[in-house]
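The values are calculated or read from the model by the stated rules, or taken from the named source; none is laboratory data. The structure displayed is predicted, hence computed values, not measured ones. Neighbour counts are summed over all protein chains in view; Cβ atoms, including those assigned to glycine, are modelled from backbone coordinates with ideal geometry.
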Amino acid sequence: MKSYYLKLNHKISLANIWIEGGTSLDKKDEKGINQILCKLLTRGCSKYDNYEFSDFLDSYGAELNFEAFEDGISICLKSLSEYFDKLFPLLNLLIEEPNLYEKEFIYCKKESLDYLRKSKENPFNIAFNNFKKIIYIDHPYSFNCLGEEESIKRIKHYDILKEYKLLKKRKKYLLTNNAKYNFLNLKKIKPLNHFKDVNKLGSKLLIKNNYIEHYSNSKQIIIIIGSQTCPYNSKDSLALKVLESYLSYGMSSLLFKVFRENNGLTYDAGVFYPSRKFNAPFLIYLSVSEKNASLTLNLLLSIWNDLLSKKISEDELSLAKLKLNSSFLHHFRTCEDIIFRKVRLLSLDMDPFYDEKAKDRLEAISSKEILALTKKYLNYPCISVSGSKHVCKYLKKIWDRKY
Amino acid sequence: MDLANVKYWEHPSKTNCVFVEEYDSPLISIDFWFKAGISFEEKEKVGLAHFLEHMIFKGSKLLKSGEFDLRIEALGGFSNASTGYDDVHYYVDIPPSNVEEALSLLTNLVLFPEFNEREFNLEKKVIIEEILQSQDQKDELIFNYFLKSVWIDHPYTKSILGEEENINEIELNDLHNFHKKYYIPINSCLAIAGKLPKNYLEIFNNCELRDSKNLFDSRQICIVNKTIRKGRKIEFFKDIEFSRIFMAWQIPSSKDQKNILGYEIISSILTDGRNSILNRSLKEEKQIVESIHSGIHPGEFGSLFIIEASLERENLRKVEDIISNLLQKLLTDSDLNNKIKKALRIVKSNYIFNLETSSQLSQFYGNHLLWGRINPQIELSKNFKYWKSTENLKKLMKSLLQDNFTFIAYRK
């Protein structure tokens, strides 16, 4: 495991481990296995059973947060600094000597099924999972991170033991703000090359359908429009972040002004453009009442069309860059957020101080470059809608006229 | 608890201020608080406090609509606001070099708003969209139904956003009147946290705040002696995957911080971690709940202690009985001393974890100052010592053996 140290707040100590390969490594008939494995790792190790392990953490008021993402598993230990040295050895134990008992596996499997079921209470989750299906087709990003019901039911204890053997071989990164362990100072590592212009899913997307719908009893219609773009360590990603900022950062953003301030159509409209190892989605989402749905979709399509045909003005571009640069300060404020961000950048083979150094590179980004990127990535968007059947059908007609 | 260096000060306008020095913070948080939450709305004006919060951002005597956001964001800042049951606050996070300008923009926006009919009608539509969107958040939807049912004739029965029909009835003049009545110095405070500039007192002394002469004193508003219902209530909900159960007990208001902390410690014993009493029994061993949580719903005019579970409909009665049974047994638990010790560490750690950033600090100190609680960190340390005593905590636990109100959300 590559282990690093970064000096931060002294009252709270943290260590975050990132294990490469998350839910995107789930095999086709084992969707959900890495989610289960992630939970299972935290349910006892070495001489500690599940309750003893949990009791040990609680007795020092510590937190252990864990989650399986598309690209990796994150496990984060957090406590007051005075207790940290007693707890820190647990992190290594839970990766090297987890108990992985069958009864705990059964528990985790049930928990996964329950989570999956509960997530369906929010129609946005359904619309988003549908969206991923059409833009990623068979790629692992097309599947729900929580897994799929039938797959989860099929997973056996020995499947988990096999997956654990694979997990042990995966690359791992650890970053802590506690100085006691003599880990390499993150500030002293040689900056890595951030930019790799590799479209790892292949540059040609074979999209079969660009429209998907889900009928719900909601009084609102959810609309998600977007497409695949590039990996986070691509040279294009920073310019797309500028575009994200222009569209959605703060109350001066385009989406806020168009949908909320000028037309009173939506309460919340935003962009989702996450950091991903492979091609990240770039999407605009919003929800709107039925009576305003068609006007909203028409406006959204007009914005999308402008993105593909018009350059952002110089003033807007400057503001978007400024907002993006200050967003690094606003978004990563707690030790936990900072450590998570930096370990994630390490796992992407990127400079962990990418954010701090962004200002100079931002200056070089032009409106022309952004326009070229929108043409490159956003030319063939897909749409996912959720709401009442008759409104979905009407929206489909509008969509079909355009795409 | 050593949280930060804190200094209290009164602006010439009589507005109370608190300054919290946090040297490591890259941003300064300015948090402007008012006793102007939904508890202060008139009965027929539900949603007014939140509507006003939206409209405040529509410009002021010096700022055109949208200008505040643009200028704050161009200064590298971020702003937002939040309306609660008792109070409302407007905040800006800003790099230290721009604090003076941000303060001037924020105070002008909040204290001297100018509303126009067009903006008012557009924002009405936005709020109705927000109400509709919140109905898709099932946890929030069910919780609002629970609050509506648990209190008798209390402002906390209302939803913060209001209902569509309430919003349609609100008039522009209602916003003016509410603002004039409640957004006054005696009713407000400013909290500032972060790496403060050397001349911060001068900066704050020079900022324009409203005069307090001849204005209504909202302390005249008094909501007392309100109680909660007892017994059970069932509601049916479409489109939920799991049923929900809420068990509620009335506990002292936020004014009584000592008891609030005591209940936080009890809550930790009940549901923090896999070994906690309810989690271990109901989720880990019997596996008859999807999730179980407990906590305080604090308010300046009354608080609730709540145990909440998400579960299959057929297990509702069983889970309710087990919870009651385990609460009975807690008082005679032979391991109670250890459980308290562990809970004290968890709760203390949580306080420190949640007071790390300048915005968390300005929110904590601002809210306490607004309601007259000075140096809450000193009080907190004293209270932690008090609750180390098992006997003290046992007395508090007994209150959970009294009759409660149970709300059931059935999956249709």
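Would you please name the residue that is modelled with the highest pLDDT, looking only at residues in the range B:317-371 that are part of a loop (DSSP other than H, G, I, E, B) and away from chain A (no Cβ under 14 Å)?
B:TRP371
Please enumerate the residues belonging to the range B:267-290 that are under 20 Å from the mean Cα position of the chain (by Cα) and in contact (Cβ under 8 Å) with a residue 60 or more places away in the chain.
B:SER268
Kindly list, by first and then second residue, each pair from a residue in the range B:78-104 that is within 14 Å of chain A (Cβ to nearest Cβ) and farther than 18 Å from B:MET55 by Cα to a residue that is among the aliphatic types (A, V, I, L, M) and in a helix (DSSP H, G or I), limited to pairs with Cβ atoms under 6 Å and residues at least 6 apart or on different chains.
B:ILE94/B:ALA102
Give, as residue ranges, the strands (runs of 3 or more DSSP E) completely inside the range A:1-103 that count at least 3 residues that are touching a residue at least 40 places away in the same chain (Cβ under 8 Å).
Result: A:2-5, A:12-20, A:72-80.
Quick one: is A:LEU243 touching a strand residue (DSSP E or B) at 6+ places or on another chain (Cβ under 6 Å) and not in a loop (DSSP other than H, G, I, E, B)?
no
Filter the range A:368-392 down to the residues that are surrounded by fewer than 17 Cβ atoms within 10 Å (Cβ to Cβ) and touching a residue at least 40 places away in the same chain (Cβ under 8 Å) and list them by number.
A:LYS368, A:GLU369, A:LYS375, A:LYS376, A:ASN379, A:TYR380, A:LYS389
Looking at the structure I just gave you, is B:LYS43 among the charged types (D, E, K, R), outside any strand (DSSP E or B), touching a Ser or Thr at 6+ places or on another chain (Cβ under 9 Å) and more than 14 Å from every other protein chain (Cβ to nearest Cβ)?
Answer is no for this residue.
Among what's in the range A:275-295 and is farther than 19 Å from A:ILE126 by Cβ and in contact (Cβ under 8 Å) with a residue 40 or more places away in the chain, pick the residue that is surrounded by the most Cβ atoms within 10 Å (Cβ to Cβ).
A:PHE282
Tell me the residue from A:ASN129, A:ASN92, A:ASN125 that is of a type in the set (S, T, N, Q) and either buried (at least 18 other Cβ atoms within 10 Å of the Cβ) or in contact with a Pro (Cβ under 9 Å, 6 or more places away or on another chain) (or both), please.
A:ASN129
Name the residue that is nearest to the other protein chains (Cβ to nearest Cβ), counting only residues in the range B:106-147 that are of a type in the set (Phe, Trp, Tyr) and under 21 Å from B:VAL46 (Cβ atoms).
Across the range B:106-147, the extreme among qualifying residues is B:PHE120.
Mind checking whether some residue in the range B:249-260 is within 14 Å of chain A (Cβ to nearest Cβ) and under 21 Å from B:ASN404 (Cα atoms)?
For the range B:249-260, residues within 14 Å of chain A (Cβ to nearest Cβ) and under 21 Å from B:ASN404 (Cα atoms): absent.
Looking at the range A:328-383 only, could you name the residues that are within 14 Å of chain B (Cβ to nearest Cβ), basic (Lys, Arg) and not in a helix (DSSP H, G or I)?
A:ARG333 - this is the single residue of the range A:328-383 that is within 14 Å of chain B (Cβ to nearest Cβ), basic (Lys, Arg) and not in a helix (DSSP H, G or I).
Does A:ILE284 meet the test of being away from chain B (no Cβ under 13 Å) and in a helix (DSSP H, G or I)?
For A:ILE284, the condition - away from chain B (no Cβ under 13 Å) and in a helix (DSSP H, G or I) - is not met.
Here is a list: B:ASN383, B:ASN354, B:ASN375. Which entry is without any contact (Cβ under 8 Å) to a residue 24 or more places away in the chain, polar (S, T, N, Q) and surrounded by fewer than 21 Cβ atoms within 10 Å (Cβ to Cβ)?
Every option except B:ASN354 fails the conditions.
Within the range B:55-80, can you find the residues that are among the small types (Gly, Ala, Ser) and surrounded by 19 or more Cβ atoms within 10 Å (Cβ to Cβ)?
B:GLY59, B:SER60, B:GLY76, B:GLY77, B:SER79
For the range A:331-348, indicate whether the set of residues that are free of Cβ contacts under 8 Å to residues at least 60 places away in the same chain, closer than 17 Å to A:SER74 by Cα and aromatic (Phe, Trp, Tyr) is non-empty.
Looking for residues that are free of Cβ contacts under 8 Å to residues at least 60 places away in the same chain, closer than 17 Å to A:SER74 by Cα and aromatic (Phe, Trp, Tyr), one finds at least one in the range A:331-348, hence yes.
Please pick out the residue among A:TYR141, A:TYR115, A:TYR136 that is within 21 Å of B:ASP239 (Cα to Cα) and of a type in the set (Phe, Trp, Tyr).
Just a single option satisfies the conditions, and that option is A:TYR115.
Sort out for me the helices (runs of 4 or more DSSP H) sitting completely within the range A:117-177 that have 1 or more residues that are closer than 17 Å to A:ILE19 by Cβ and either touching a residue at least 12 places away in the same chain (Cβ under 8 Å) or more than 14 Å from chain B (Cβ to nearest Cβ) (or both).
A:157-169
For the range A:384-403, name all the residues that are in contact with a Ser or Thr (Cβ under 7 Å, 6 or more places away or on another chain), over 17 Å from A:ILE303 (Cβ atoms) and in a helix (DSSP H, G or I).
Selection gives A:TYR394 alone.
Please work out which one of (1) part of a helix (DSSP H, G or I); (2) of a type outside the set (A, V, I, L, M); (3) surrounded by 14 or more Cβ atoms within 10 Å (Cβ to Cβ) is the condition A:ASN305 fails and give its number.
A:ASN305 satisfies every listed condition except (3).
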